[in-house]
Amino acid sequence: MNPQHLNASSLKSRFTRRFLRALTKINAQKPISSSSPREIFQRYGRIKAAADKSMANSVRSRRTWSRAMLWKLRSRSYRQASSGRRSAVKTSTTTSHQAIRKKTNHEKENKPTKTGEDQVGFVVQADELRELVPGGEAMDLCNLLDETAHYIKCLTTQVQVMKKIVDFYSL
Amino acid sequence: MSSRRSRSRQSDVSRITDHQITDLISKLQQLIPELRGRRSDEVSASKVLQETCNYIRSLHREVDDLSDRLSQLLASTDTDSAQAAIIRSLLM
């Protein structure tokens, strides 16, 4: 049985170590003109990806959401390295998938049942949650709720650590 | 046709025990700061899910904002591995 308790302190330290290493690397890539808005924006993207990647790597493949996130990050960087044609194909499949899902939601909302109005709202909310949690589209309800709880714990740890780092650098 | 589909979807939900689901939902409720104090029978399941979505979105926004501030701070300071070691010791 998987241990439900998240060992918060070791997750925090694993994330902190990885994220700091990534930050040092990003900082080392600084060119001479490092204060142009474009540079800052690029660095923002790299830092955000590094934060997500560090967190997903600290959890590794123990969770469905972390596996999905790592896969997403890897395929995104692969796409950025190769041509843009492949990303165009990817987006068209995603939008058609979303369109199908939206259509299903719309049909459900058109048929409110007598006792099940709250149940219908529940299912719609669960679909919304699926879009927020990485890898959520493929999960059944039980797994989705379980993964969401873990994902929220990790996100709060991530925010906590990043806040401390920002405070330290703003001194 | 669509009624059959929505009904089978609902029966899928009830096949997993209700007890399991309510357990997981109350666990989620404890993680969300807005709903933490309230009793689990006061808050409906769809409300918990809704607040979860809102909470996750706000956490994503915070991460974005912090990454933004970090990118600007890194522009102005000269960081090196010594500072990283200091932070590491601070946070452990």
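Every read-out reported here was derived from the displayed coordinates using simple, explicitly stated rules and does not represent laboratory data. Computed from a prediction, not measured in an experiment: that's the story for all the values here. Glycine also receives a Cβ, built like all others from the backbone with ideal geometry; neighbour counts cover every protein chain displayed.
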Please average, across the residues of A:71-82, the number of beta carbons from any other chain that are within 10 Å of each residue's own beta carbon, and give a whole number. 0
So if R0 is 35 Å, what FRET efficiency would A:ALA28 and A:ARG60 give, r being the distance between their Cβ atoms, rounded to the nearest 0.05? 0.85
Taking 19 Å as the cut-off for C-alpha to C-alpha distance, list the pairs among A:LYS48/A:LYS164; A:LYS53/A:LYS163; A:LYS12/A:LYS163; A:LYS25/A:LYS48; A:LYS72/B:LYS47; A:LYS163/B:LYS27 that go past it. A:LYS72/B:LYS47; A:LYS163/B:LYS27
Determine the shielding of peptide B:28-41 by partner chains: average, over its residues, the number of Cβ atoms on other chains within 10 angstrom of each Cβ. 1
Give me a single rounded figure for A:150-156: the average over its residues of other chain Cβ atoms within 10 Å of their Cβ. 4
Roughly how many nanometres apart are two label points built 7 Å out from the Cα toward the Cβ at A:LYS72 and A:CYS142? 2.5
Starting from the Cα of A:SER10, move 7 Å in the Cα-to-Cβ direction to define the label point; list residues of the range A:132-156 whose amide nitrogen is under 19 Å from there. A:150-151, A:153-155
